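The block underneath contains the structure these notes are about, expressed in structure tokens.
The values are calculated or read from the model by the stated rules, or taken from the named source; none is laboratory data. All values derive from a computational prediction rather than experimental measurement. All Cβ positions, glycine included, derive from the backbone under ideal geometry; neighbour counts span all protein chains shown.
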Amino acid sequence: MRVLGIIHGQEVRAGVFADPIAERGHELDEWSIAHSSAPPRPPESYDAVLVFGGSMHADQEEAHSWLRDETALIKRFLDAGTPLLGVCLGGQLLAKAVGAWVGRATEPEIGWSPLELTAAASSDPLFAGLPHRFEAFQWHYYAYEVPAGASELARNRVCSQAFRLGETAWAVQFHPEVTLAMVEAWLAEDEEVPGGKDALRRKTREQIDEWNALGRELCASFLGVAERLRLAA
């Protein structure tokens, strides 16, 4: 199975999602639309798509004109029924692709914050096995409204944290893919974070192993959906 990972920076990549992809014998192509107009293979040749985060925002088309092309490509994958999982910016672009509001959140979420699953999560292929409440690693300034017809799967006091659109597309606002090295790189780029860098670094080192296990489980469940669809085709 071929998996496309759409990335928006060298430090915002597949992270621990790469582990279940390799373990299940699949191929991962990481591709940045900002640096190459076409992915390594034709879009229709991919069996699953992961869209990751980035430092830019979903409404910054004037500064990053390729965002328009990426949003159109996401819509193309949705129309084709290709399994797709959007993370942070990727989830916001998924929402935007189907006409939902995306904009600045009431407050930024940087670091660890609690979220709670909704009732719909109990029957969702990706979320059914996750804890009802858990602390998630966050790094975002924007949020989305749950698109019309989508099922909200998780939220917290700041914003919606996850939704499923149809049977093959998911968005998460948090970062289940992140590694300790990625967090260290993000901390090096930002001048300051709420509560201080040292406190966030310590808490991340305490929680990252458990968090990475959840991330691998989430990605493996997503790959399972794609595998079943490929077998049924």
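Observations
- Subset of segment 79-91 [within 23 Å of residue 215 (Cα to Cα), more than 9 Å from the chain's Cα centre (by Cα) and outside any loop (DSSP other than H, G, I, E, B)]: 84
- Answer residue from segment 212-233, given it is touching a helix residue (DSSP H, G or I) at 6+ places or on another chain (Cβ under 8 Å) and either more than 30 Å from residue 80 (Cα to Cα) or not basic (Lys, Arg) (or both) and is surrounded by the fewest Cβ atoms within 10 Å (Cβ to Cβ) among those: 220
- Comparison of 9, 54, 99, 25 shows that the only residue that is part of a loop (DSSP other than H, G, I, E, B), within 18 Å of residue 168 (Cα to Cα), of a type outside the set (S, T, N, Q) and free of Cβ contacts under 8 Å to residues at least 60 places away in the same chain is 99.
- A Cβ distance below 7 Å, combined with a sequence gap of six or more or placement on separate chains, defines the contacts here; from segment 184-213, residues that are within 18 Å of residue 115 (Cα to Cα) reach no residue that is surrounded by fewer than 12 Cβ atoms within 10 Å (Cβ to Cβ) and modelled with pLDDT of 95 or more.
- Considering segment 60-70, the residues that are surrounded by fewer than 18 Cβ atoms within 10 Å (Cβ to Cβ) and either assigned to a helix (DSSP H, G or I) or of a type in the set (A, V, I, L, M) (or both) include one that is farthest from the chain's Cα centre (by Cα), namely 63.
- Selection status of residue 152, surrounded by 17 or more Cβ atoms within 10 Å (Cβ to Cβ), within 19 Å of residue 90 (Cα to Cα), among the charged types (D, E, K, R) and out of contact with any His (no Cβ under 8 Å at 6 or more places or on another chain): yes
- Here residue 105 does not qualify as surrounded by 13 or more Cβ atoms within 10 Å (Cβ to Cβ), within 27 Å of residue 207 (Cα to Cα) and in contact with a Ser or Thr (Cβ under 6 Å, 6 or more places away or on another chain).
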